[in-house]
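Written out below as structure tokens is the structure these notes cover.
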Amino acid sequence: MVLLTFNITCIEAEVKNGSQITDNERLKIIENNTRAILRILDIHDVKSSFFVEISLVGKLQNLIKAISSKGHEIAFYNKDSNPEEIENAKKNIQDLLEKQIRGIRQKDVKVSQEILKLMEFNYVSNIDNANILFPFKRLKRDTEITEEDGLSIVPESISPYSQLPYNDFVFQILPMKYYQNMVLETLQNEEFVLIYLNTWQFTDFKKYRFDIPFYRSLFSGKKMEDKLDALLTFLNDREMATSRMKDYVF
């Protein structure tokens with residue numbers, strides 16, 4: 001099973017000298033990137049999970065409704081929100097969508113699993129930092145879903161052969177043929193592959209002059225769209241099953 005997920009977060013980078021990008025423009029970039037992803041998913045009839053950064057939930061309600069209306073899962077991405085902010089966002093979006101928010105993803109700041117369970121989350125999908133050295137930091141990890149404190153803990157996936165993780169940076173940098181082979185090899189040994197991408201990777205950094213490391217701008221924008229399209233074409237040609245997180249975990 002392939003679990004394809006997307007993190008909807010704001011680009012925090014400063015802009016290059018002589019450029020200016022307002023907060024509203026940053027939100028528009030998020031919306032445009034996400035809608036480009038949705039078009040590609042629609043073409044291939046693939047359902048996915050979108051983890052929306054909690055501070056953006058109130059600002060992107062129309063986008064969230066559009067994602068949910070197409071059959072994709074809405075979950076949360078906790079960057080640095082406190083439990084009260086998480087709980088309020090969860091209530092507001094559940095009222096908006098008339099659906100329960102089951103999943104949450106965290107990275108640097110992690111609310112305890114006991115508190116998340118009390119908020120009636122069902123699964124946690126935590127991730128690590130992904131930079132140019134990240135793939136070489138840890139070569140072994142648990143890749144099975146476990147139950148802790150009444151929550152399903154979904155780990156990041158890692159290729160058993162190349163030892164590369166399926167994070168956003170690896171997808172952006174690797175040639176698609178190599179990445180496809182990595183998916184095939186992993187599913188020969190594991191029950192699922194969890195892939196996560198960031199919507200900001202689909203930004204045209206020639207048009208929007210953010211001050212980001214050069215390796216982060218490589219193969220971004222339209223090239224990311226083409227890579228996603230190539231991956232989904234490959235999955236469908238091979239008749240490989242895909243799933244939203246909440247459906248697979250339960």
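Taking a straight Cα-Cα cut-off under 17 Å and skipping sequence neighbours fewer than 8 places away in the same chain, the aspartates and glutamates within cross-link reach of K47 are E73, E225, D229, D237, E239, D247.
For mean projected area of the Cα convex hull in nm², one of [x] 20.7; [y] 13.8; [z] 12.8 was computed from the structure I shared and the rest are decoys. Which label? This structure yields the entry labelled [z]. Could you give the distance between the Cα centres of the range 193-226 and the range 1-15, to the whole Å? Their Cα centres are 10 Å away from one another. Measuring from centroid to centroid over Cα atoms, what is the spacing of the range 86-120 and the range 140-182 in Å? Cα centroid of the range 86-120 versus Cα centroid of the range 140-182: 23 Å apart.
Each of Q106, L218, S19 was placed along the dipole of the chain (beta-carbon charges, centred on the mean Cα), and the one lying farthest toward the positive end is S19. Applying both filters, DSSP loop and at most 11 other Cβ atoms within 10 Å, to the GluC sites (Glu not before Pro) of the range 140-240 gives E144, E191, E239. Spacing of the modelled spin labels on R238 and I145, each 7 Å from Cα toward Cβ, amounts to 2.0 nm.
Extension gain, L218-L184: 0.36 nm per intervening residue step, less the Cα-Cα distance, totals 9.7 nm. Full extension of the chain between S162 and L96 yields a length gain of 19.5 nm, computed as 0.36 nm times the residue separation minus the alpha carbon distance.
About the centre of its Cα atoms, the chain shows a dipole size close to 820 debye [charges on the beta carbon of Lys, Arg (+1) and Asp, Glu (-1) only; nearest 20 debye].
Amide H contacts of F51 (H built 1.01 Å from N, in plane; Pro and chain starts excluded): F6, N7, I8, A75 sit under 5 Å, all sequence-distant by 5 or more or on other chains. Annotation: amide H-H contacts under 5 Å for R105 (H modelled 1.01 Å from N, sequence separation of 5 or more, or interchain): F76, Y77, N78, S125.
Candidate cross-link partners of K91 among the lysines, defined by an alpha-carbon separation under 17 Å and a same-chain spacing of 8 or more, comprise K59, K65, K99, K117. Here the calculated FRET efficiency for H44 and S112, from their Cβ-Cβ distance with R0 = 45 Å, stands at 0.75, rounded to the nearest 0.05.
Each reported figure results from applying straightforward, stated rules to the coordinates on display, with no laboratory input. Remember, predicted model here, so these are calculated numbers, not experimental data. Because the Cβ atoms are built from the backbone with ideal geometry, glycine has one as well, and the counts that use them run over all protein chains shown.
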